[in-house]
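Written out below as C-alpha cells is the structure these notes cover.
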Amino acid sequence: MSAPFDQHFLVDEKAIKKIAGFIPVRGKRVLEIGPGEGPLTRALLDRGALVIAVELDRNLFEELEQRFSREIAEGRLFCIRGDAVRDPFPPFDVVVANLPYSASSKITFRLLNTGFEDAVLMYQKEFAERMLASPGTPAAGRLSVMVQTYADVAPLLELSPNAFRPKPQVRSMVVRITPRPPPFPIADHALYAVIVRELFSHRRKTVSKSLKIARPVLGEGRVRAMLESLPPAILGARPEELDLASFARIANCAAASAS
C-alpha cells in the first residue's frame, strides 16, 4: 500500500513497543493521530489504554474499523475519520502519535492550545531538533520558544528510515512534551504569540528594527512605547539571542503599552 497524505508507516516492532511504553497509558484516554495501519494502536490497547484514533484517509479508516471491530464494540477504541489540523478533538488525557510530517507544526501548536497531561510524538528529526533548541542559541526559533514557553521537551528515541514503510528520506525522532505553566508571567498569551512570530519573521534583525517593521501589526503607539521602555540590551539583540524571560518582558511591555 502506498502512503497517503505523505504518511510513512512505522513497522519496527521494538520501536513501536518503546513508544507505547514511554508514558503510563493504562486507564488513560489516549489520542492517536494518524494511526495508519494500527500497529501503535494495538500496542496502546495491549497496555490498557482507551484509544481515540483520528485518521484522515478513508481507506485506512475503514481498514481500522474492520481490524479492530472487537475493540470498538468493547468500547476500548474509538475511530474518528477527521483532520487533526481542523476538526474538534473529543476529550483526551495524553497523546501518543506518529504525526504526519507536513502537519507537525500545526498539530503541535493546536495540541498545546487544547491542553493535555503528557505527549509522546514522533517528528522528522530536523523538526524535533528545532523544537529542542534552547532559547538564546543560534538554533532557536519560533517553534522552540513557543513550545518551551508552555512545556518541557525531551528527546526519547531516534529512528532511521528503515523503521518505516515506505522509507522516508529523513531520520525521525520521538519527543516527550509535558505541559507546564510558563516560567515567567505573561500578561496576554495571544499577544505573546504575535510578538514571538513577528520577531522571528526578521530573525537577523535586532529587536528594535523588528518592532519598527511590525508597526502595522502592533500599532504605532505600542511600538513607540516599547522602544522607549525596553532596555538597550534587549532592543539591540537578535531574537535568537533572547531567553524566555526576555520574550516575556517584551510581550508584557507590549501589553502595558497603548496600541
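Where does each of PHE184, PHE200 land when they are ranked from fewest to most other beta-carbon atoms within 10 angstrom?
Ranking PHE184, PHE200 by Cβ neighbours within 10 Å, fewest first, gives PHE184, PHE200.
Residues with beta-carbon under 13 Å from that of ILE33, excluding ILE33: net charge, scoring Lys, Arg +1 and Asp, Glu -1?
Result for the neighbourhood of ILE33: -1.
Which value results when the Cα radius of gyration for the chain is divided by 2.2 N^0.38 Å?
So the chain has a normalised radius of gyration of 1.14.
Rounded, prolate or oblate: which one fits region 189-256, using the alpha carbon gyration tensor with axes a ≥ b ≥ c (rounded when a/c is under 1.5, else prolate when a/b beats b/c, else oblate)?
Here region 189-256 falls in the rounded category.
Working out 0.36 nm times the residue gap between ARG67 and GLU117, then minus their Cα-Cα distance, what length gain in nm do you get to one decimal?
This chain segment gains 15.1 nm when fully extended.
Pairs on different chains or at least eight residues apart, Cα atoms closer than 25 Å: how many lysine pairs in the chain fit?
Lysine pairs meeting the criterion: 13.
In a shell of Cβ-Cβ distance under 9 Å around GLY141, excluding GLY141 itself, what net charge do Lys and Arg (+1) and Asp and Glu (-1) give?
Residues near GLY141 contribute +2 overall.
Taking 0.36 nm per residue of separation and subtracting the Cα-Cα distance, what length does fully extending ARG171 through ARG110 add?
19.6 nm
Around ALA128, with a cut-off of 14 angstrom between Cβ atoms, what is the net charge of the other residues, counting Lys and Arg +1 and Asp and Glu -1?
Taking every other residue near ALA128 into account, the sum is +1.
Read the figures in this text as sums done on the coordinates, not as results from a lab. Bear in mind the structure is a predicted one, so any value in this text is a computation, not a measurement. Glycine gets a Cβ as well: all are built from the backbone with ideal geometry, and neighbour counts include every protein chain shown.
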